[in-house]
Structure formats: C-alpha cells, structure tokens
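A short worksheet on the structure shown next.
The values are calculated or read from the model by the stated rules, or taken from the named source; none is laboratory data. This is a predicted model, so every value here is computed, not measured. No Cβ is skipped: glycine too gets one built from the backbone with ideal geometry, and neighbour counts run over all protein chains shown. To get the accessible areas, we keep the full protein, side chains included, count just its heavy atoms, and leave off ligands, DNA and RNA. Shrake-Rupley method; radii C 1.70, N 1.55, O 1.52, S 1.80 Å.
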Amino acid sequence: MSASQPVLHVKPLGFPWETMDPFLFCAYHDDAYPKANANLGPATSLAGRAIGQDFSRKDGWSMYHGETVPGFPPHPHRGFETVTVVRKGLVDHADSLGASARYGAGDVQWLTTGRGIVHAEMFPLLDQAQPNPLELFQIWLNLPARNKMVEPHFTMFWQQDVPRYSHTDAQGRSTQVLVTAGQLGDVKPLAPPPDSFAAQADADIAIWTISMEPGARWTLPAAAGAQTRRQLYFFKGGSVQIAGQALASHAVVGLDAGVDVELVNGPELSEFLLLQGRPLGEPVAQYGPFVMNTRAEIEQAMADYRRTQFGGWPWGDAAPVHGSDPARFTQMLGGDKVLA
C-alpha cells in the first residue's frame, strides 16, 4: 500500500470488535447502569432478562453472566493475556491465585493467563443515589507458543501511573493519548508482564486510547516494525477524516502501519482505540476460554482444568464483590491490602 493510500479497509464496528494477529478479541462494554441497590446490583426489576446469559442491552445495559451483580463470575483461561482498560465504573477481580482487586476510573489490569487461571470480573454498583455508568475495553493478546504454559501473572497499572501523551495543534486544539503499551514519541509505557509478547521489543505492540477535541488535528506516527499491523477503532464522536478519507459513522479502520496518518476531527469530541503489533504467525486453536496452537493442546487444557480446576477457587463466594468502599486496591488472600 502506498503512502498516499494508507487506509486499507473500513468496516462497521460489531460486538466484539474485529481484531488481527497477535490480538484475538476486543470487547467494548458501555453500560448505563441505574442506581444501585443494597446488594451492589441494579435497583430495578430484572424481569425480561435471561439472567445468567443477559447480553440484551435492555435499557442500555446488560447483566452478562451475573445474577445479582453484573459481570462475569469465575471462568478459566489458558494460553493468552487479557488487558482490561476501565474508563468508567469499577471491576472487582478475584482469581485462583488468591489475588483480589478493585480497579476502575482509568486503571488497567494486565493478566497473563499462561498455563491456567480461573478469575471472576464483577461490576459492582456502589452509588444508590445516582446512575453507575461502566465503560471498559477488554483486549485478548495472544501468547507465543513458547510462553503459553508460563506461570500466570497478575499486574495492575493504576491510572495515576499510566503515561499520557499530549499534543496541541496549530489552532490550540488538543489530542490526548493513554499509552497502555507501546512507546509514543518520548512517552514510554509501563513495563508489560515479563512473559508477554509485548515484552519483546520487536513485537511492536501498542495499545493507545486517543481523545481528540473538536476540530483537532494530529498525525499518528508510523510504527517502528516493518511487519507491524495496525487497526484504529473510531468508537465515539460524529465524524473524522483519516488520511483524507471522511468517516461519518463508527468503524474499525485498517491502516498501513508503515506511514504517518493524519487524523482531522469533526465538530464533536472523538475517541479511538489503536491496536498494533507484529503478527505471531502461529496456528491458533481456540475453544472458548482456551487459546493454544493445536487441537490436542486444547483437549489437554480441558483435561487439566477438569483435573485441577487450575488451582481451585479459594473464595467463599461464587461471584465475589468487595464491599461498598470505593477504594481501589490489590490483595493476596490473607495478605494486606495495597491501595491504589
């Protein structure tokens, strides 16, 4: 693709969002939860919802697999990583390693599932007087074959520590970028987990959340790697021009990562997620929450989970939430809380 035609394709956003190697999955949750009840769930009737499997977005929100509190009760993973970027609301984490956490409001959780982990991700609603909006991305990043059976690793990036890139154009209009992974200009990200594909310099992994003021101009710089692939998700705002191509609806845009791309925002604030990386180029065998390279490895993952439960579930509750205190924290079972 020539530098004059850096837009490779434009497709509508679906659910989940379409990704490319080395990414496996990207879900965008934007739930307008109502006021909370005393049980940290929605203070409204749940009638008409398929409780336990509610992806209805009825009234602008879903319970997902939650029954009292929205979210995702315990489920296993093996062979990849989850990167969860929470923009609004809170997530309560608990896992088979004995780790728990409450995070949100710009925090990022990076979880290397490796040889196997069970975790719960619940969305507690704390405010009984006002609505409880939740907005987050969950991104699945594949692990190379050699790292699929590493020890699981739990990492928190607290919002005050996540680097931000700022640009002001000639008209004084601002573009802000949350740099979760991948250096942008002089802004270096926090270190990814040690066994992550993102920890390899030649992987050229970037996860950036971009916010542009009305009318702002910013040039997305070319990626470093010759093999790097890049997709830009336009998910908020009315219109934007990408390399001179006008978009008036939300879309996933494949870009030639080897060239600079100018973004010119329309008359409303616009937001984007950028995912980029060098493809692993390895076979992918997936069965639900397990992502390996062969069918035999998937069958082994299922057998191992049946036999070991990936360490079992050390929590008394089948869908743990961490009380009404909004403080964000991490804690190992029996250990001291570490506040954000």
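For the stretch 50-100, the residue among TRP61, LEU90, HIS77 whose Cα projects farthest onto the positive side of the dipole built from Cβ charges is TRP61. Global dimensions of the stretch 193-340 from alpha-carbon coordinates: Rg and Dmax equal 21.3, 57 Å.
How many nm is it between the label spots at ARG306 and ALA226, if each spot is 7 Å from the Cα in line with the beta carbon? Taking the two extended label points, one gets 4.8 nm. Couplings 3J(HN,Hα) of the stretch 131-136, computed from phi: x, 10, x, 10, 9, 7 Hz, in residue order, whole Hz [Karplus 6.51 cos²θ - 1.76 cosθ + 1.60, θ = phi - 60°; x for Gly and Pro]. Relative to the current alpha-carbon distance between LYS337 and SER324, full extension at 0.36 nm per residue lengthens the span by 3.1 nm. Taking a ≥ b ≥ c as the square roots of the eigenvalues of the alpha-carbon gyration tensor, the chain is classed oblate because a/c is 1.5 or more while a/b is no larger than b/c.
Relative to the current alpha-carbon distance between ARG173 and ASN39, full extension at 0.36 nm per residue lengthens the span by 43.9 nm. Computed from backbone phi with θ = phi - 60° and the Karplus coefficients 6.51, -1.76 and 1.60, the 3J(HN,Hα) list for the stretch 154-167 is 10, 10, 10, 10, 6, 4, 6, 9, 6, x, 10, 9, 10, 9 Hz; x is used for glycine and proline. Summary value for the stretch 151-298: 22 percent relative contact order, contacts being C-alpha pairs under 8 angstrom separated by 6+ residues.
Measuring only protein heavy atoms, the 1.4 Å probe finds PHE23 accessible over about 10 Å². 3J(HN,Hα) along the stretch 37-44: 9, 5, 9, 6, x, x, 7, 7 Hz, from the Karplus curve 6.51 cos²θ - 1.76 cosθ + 1.60 with θ = phi - 60°, whole Hz, x for Gly and Pro. For ILE117, ILE51, the ranking by accessible surface with the largest value first comes to ILE51, ILE117, using a 1.4 Å probe.
Give LYS88/LYS188; LYS35/LYS236; LYS148/LYS337 a once-over and call out the pairs whose C-alpha atoms are over 27 Å from each other.
Among LYS88/LYS188; LYS35/LYS236; LYS148/LYS337, the Cα-Cα distance tops 27 Å for LYS148/LYS337.
Residues whose amide H falls under 5 Å from that of SER239, counting only those 5 or more places apart or on a different chain, are GLY266, GLU268, with hydrogens built in the peptide plane. Spin-label model, ALA32/ARG217: points 7 Å from Cα along the beta carbon direction are separated by 3.6 nm. Highest GNM mean-square fluctuation among SER239, SER324, SER96, for the chain modelled with Cα contacts below 10 Å: SER324.
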